[in-house]
Amino acid sequence: ANLGDDQYGSIMVYDLSATFTDGQDAQAQRDFVSALGDQAEGARFVHQSSAEVAYGDQTRQLNLIAADGALDGFIELHDGETALAFPAAGECSVSRGLAERCGFSVGDRVTLYDGQMARMELNIASIFDNYIDNYLIAGAESVPESWGDMSPNTALINCAPDADAHALSAAVSEMEGVSNVSVTLDTRARFDNTLSSLNYIVILVVICAAALAFIVLYNLTNINICERIREIATVKVLGFTLRETSSYALSENLFLS
């Protein structure tokens, strides 16, 4: 129930993400930040794309984020309460779910492939907490030239304290070269709504399971008493109290319960 809060309140803490049709050079980045004006508190440019990681004889899809430095204030890397450093050259940080599914641990060397099957190998420097999707974060200098254009294609934006995220999103979507804008609040709301729908299914299953348990235990009790009616009468004649007689008849059912 708290996955949305954990993911978007302590890990992916930016307010907006804008995806560009083309990579953004230094001048384009400055122009974009200037166009945001005082509606944005800050922006961080990264390259984000899909990749596949090999483990054993299988591969798994992930989101690759390559940046030229730490992403503090936009993406917080931590392991429990311990903050993690941004990976150095030749290293990467992977999300915990990905590491668990693929059997990775700190110090392992992983092999990645892009859409054209270009190969990249990195050492795992850290494993960070993450709850939605699979991520691998590395420095831009760690990505080989064979992977093609790795210039920033995504801007992570933090709104100013008094700014409206949706109004800023509408303004950013009108800018030249912007192909898509995602508001973190909307993504979080969609995820929470999905979990809420799942809660109804969980409640239904629990109620059905409880009803089934009641029916089974009722029938077992009924059969137990009917089959042992003479035994129960005998122990009553022998002087068993009502509590002792009930315990004699229901002990198996109490154990099953």
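The values are calculated or read from the model by the stated rules, or taken from the named source; none is laboratory data. On a predicted model such as this, the values are computed, not experimentally measured, just so you know. Ideal geometry is used to build each Cβ from the backbone, glycine not excepted, and the neighbour counts take in all protein chains shown. In case anyone asks, the SASA skips ligands and DNA or RNA and just uses the protein heavy atoms, side chains included. Shrake-Rupley method; radii C 1.70, N 1.55, O 1.52, S 1.80 Å.
How would Ser247, Ser95 line up by accessible area, probe 1.4 Å, largest first?
Ser247, Ser95
Relative contact order for the range 65-201: what percent, with Cα pairs under 8 Å and sequence separation of 6 or more?
Result for the range 65-201 is 25 percent.
Quick one: how many Å² of Thr21 are accessible to a 1.4 Å probe, rounded to 10?
The accessible area comes out at roughly 90 Å².
In the range 179-247, what percent of the accessible surface is made up of carbon and sulfur (1.4 Å probe, ligands and nucleic acids excluded)?
Carbon and sulfur: 68 percent of the exposed surface of the range 179-247.
Hey, in the GNM for the chain with a 10 angstrom Cα cutoff, which one of Gly107, Gly148, Gly239 fluctuates hardest?
Comparing Gly107, Gly148, Gly239 in the GNM, the peak value goes to Gly239.
I'd like the accessible area for Glu100, computed on protein heavy atoms only with a 1.4 Å probe and all protein chains in place. Round to 10 Å², please.
140
With the cut-off at 1.5 for a/c, could you classify the range 64-113 from its C-alpha gyration tensor as rounded, prolate or oblate?
oblate
Ordering His78, His166 by accessible area with a probe of 1.4 Å, largest first, what comes out?
The most accessible residue leads, giving His166, His78.
Over the chain, with a Gaussian network built from C-alpha contacts below 10 Å, which listed residue (Ala88, Ala210, Ala170) shows the highest mean-square fluctuation?
Of Ala88, Ala210, Ala170, the most mobile in the Gaussian network model is Ala210.
Which residues in the range 223-245 place their backbone N less than 15 Å from a point set 7 Å from the Cα of Leu254 along the Cα-to-Cβ direction?
241-245
Give the relative contact order (percent, whole number) for the chain; include only Cα pairs under 8 Å separated by 6+ residues.
27
Please give the solvent-accessible surface of Arg96 in Å², to the nearest 10, using a probe radius of 1.4 Å with every protein chain present.
About 70 Å², rounded to the nearest 10.
Could you tell me whether the range 1-90 comes out rounded, prolate or oblate from its Cα gyration tensor? Rule is a ≥ b ≥ c as square roots of the eigenvalues, rounded for a/c under 1.5, then prolate if a/b exceeds b/c, otherwise oblate.
Oblate is the answer for the range 1-90, as a/c is 1.5 or above yet b/c matches or exceeds a/b.
Taking amide H positions as placed in the peptide plane 1.01 Å from N, state which residues far from Ala160 in sequence (5 or more) or on other chains have amide H under 5 Å from it.
Counting only residues 5 or more places away or on other chains, the set is Ala40, Glu41.
Quick check: Cα centre of the range 154-221 to Cα centre of the range 91-147, how many Å?
Each part reduced to its Cα centre gives a spacing of 27 Å.
Most fluctuating residue of Ala35, Ala211, Ala171 in a GNM of the chain with Cα springs under 10 Å: which is it?
Its mean-square fluctuation being the largest, the pick is Ala211.
Which residue, Ala160, Ile124, Ser49, has the largest displacement toward the positive end of the dipole of the chain when charges sit on each Cβ (Lys, Arg +1; Asp, Glu -1)?
Toward the positive end, the furthest listed residue is Ile124.
Based on the alpha-carbon gyration tensor of the range 96-226 and its eigenvalue square roots a ≥ b ≥ c, which shape applies: rounded if a/c is under 1.5, prolate if not and a/b is larger than b/c, or oblate?
Oblate, since a/c reaches 1.5 and b/c is not below a/b.
Within a Cβ distance under 14 Å of Ala70, other residues only, what is the Lys/Arg minus Asp/Glu net charge?
-4
Within the chain, which DSSP H helices have Cα atoms that stretch 24 Å or more along the helix axis and a mean Kyte-Doolittle hydropathy of at least 0.0?
Once both thresholds are applied, what remains is 184-227.
Quote the relative contact order of the range 1-112 in percent (integer), defining contacts as alpha-carbon pairs under 8 Å separated by 6+ residues.
Averaging sequence separation for qualifying contacts and normalising by length gives 26 percent for the range 1-112.
How much of the DSSP bridge set in the range 1-153 is antiparallel, in percent, rounded to the nearest 5?
The antiparallel proportion sits near 70 percent.
Round to a whole number: what % of the accessible area of the range 1-137 belongs to carbon and sulfur, probe 1.4 Å?
The C+S portion of the solvent-accessible surface of the range 1-137 is 42 percent.
If you add up the charges near Ala165, with Lys and Arg at +1 and Asp and Glu at -1, over every other residue whose beta carbon is less than 9 angstrom from its beta carbon, what do you get?
Here the count lands on -3.
Of [x] 98, 45, 32; [y] 91, 64, 39; [z] 162, 31, 30, which is the value of Cα extents along the principal axes in Å derived from the coordinates here?
Identified label for the calculated read-out: [x].
What does the charge count around Ala35 come to, taking other residues whose C-beta lies under 13 Å from its C-beta (Lys +1, Arg +1, Asp -1, Glu -1)?
After counting each charged neighbour, the total is -3.
Could you state the accessible area per residue of the range 145-220 in Å², with a 1.4 Å probe and every protein chain left in place?
Value returned for the range 145-220: 65 Å² of accessible area per residue.
Students sometimes get this wrong: rank Asp129, Asp162 by accessible area, probe 1.4 Å, all chains present, largest first.
Asp162, Asp129
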